[in-house]
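The values are calculated or read from the model by the stated rules, or taken from the named source; none is laboratory data. Just so you know, these numbers come straight off a predicted model, no measurement behind them. Here Cβ is always computed from backbone atoms with ideal geometry, including for glycine, and neighbour counts include all displayed protein chains. All accessible areas refer to the heavy atoms of the entire protein, side chains included, with ligands and DNA or RNA removed. Shrake-Rupley method; radii C 1.70, N 1.55, O 1.52, S 1.80 Å.
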Amino acid sequence: MAQPYLLPSLQTARLLLRPFATADVAALHAIMNEPGMMRYFPTTTAPDLARVERTVVRQIEVGEQYGRAF
């Protein structure tokens, strides 16, 4: 039997790090379209919404398969 998807979360008073959820797509898209946000990425053009959705879904799949993502 495969192990369940159990990536840990880390929470402090000001920050919550947790695995991606499909509900994160719109917020991540907005963040990636902020001026200057993409300057540290290999491609400086912000991705469209469909690309962000594919990325989030893929990270969820990788997390489920390997127990880690990114």
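What does the net charge come to around L7 if you take all other residues with beta carbon closer than 15 Å to its beta carbon, with K and R at +1 and D and E at -1?
On the way: positive: R18, R58, R68; negative: D24, E61, E64.
Every neighbour counted, the sum reads 0.
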* Asked: When the Karplus curve 6.51 cos²θ - 1.76 cosθ + 1.60 is applied with θ = phi - 60°, which whole-Hz ³J(HN,Hα) does each residue of segment 59-65 get, with x for Gly and Pro?
  -> 5, 5, 4, 5, x, 5, 7
* To do: Can you tell me how much longer the chain between L7 and E34 gets when fully stretched, taken as 0.36 nm per residue apart minus their C-alpha distance, in nm with one decimal?
  => 6.9 nm
* Structure fact -> Karplus-derived 3J(HN,Hα) from phi for segment 42-48 (6.51 cos²θ - 1.76 cosθ + 1.60, θ = phi - 60°), whole Hz, x at Gly and Pro, runs x, 10, 8, 7, 5, x, 7
* Give me the log10 of I(q) over I(0) for the chain at q = 0.14, 0.17, 0.21, 0.22 Å⁻¹, as the Debye formula computes it from C-alpha points; what are the numbers? -> -0.53, -0.74, -1.00, -1.05
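Carbon and sulfur: what percent of the chain's accessible surface (1.4 Å probe)?
58
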* **Computed magnitude of the charge dipole of the chain (debye, nearest 20; Cβ of K, R +1, Cβ of D, E -1)** => 180
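Based on DSSP loop calls and a cut-off of at most 13 other Cβ atoms within 10 Å, the longest stretch of the chain free of exposed trypsin sites (Lys or Arg not before Pro) is what?
Result, exposed sites excluded: 15-67.
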* To do: At a 1.4 Å probe radius, which order do I60, I31 fall into by accessible area, largest first?
  => I31, I60
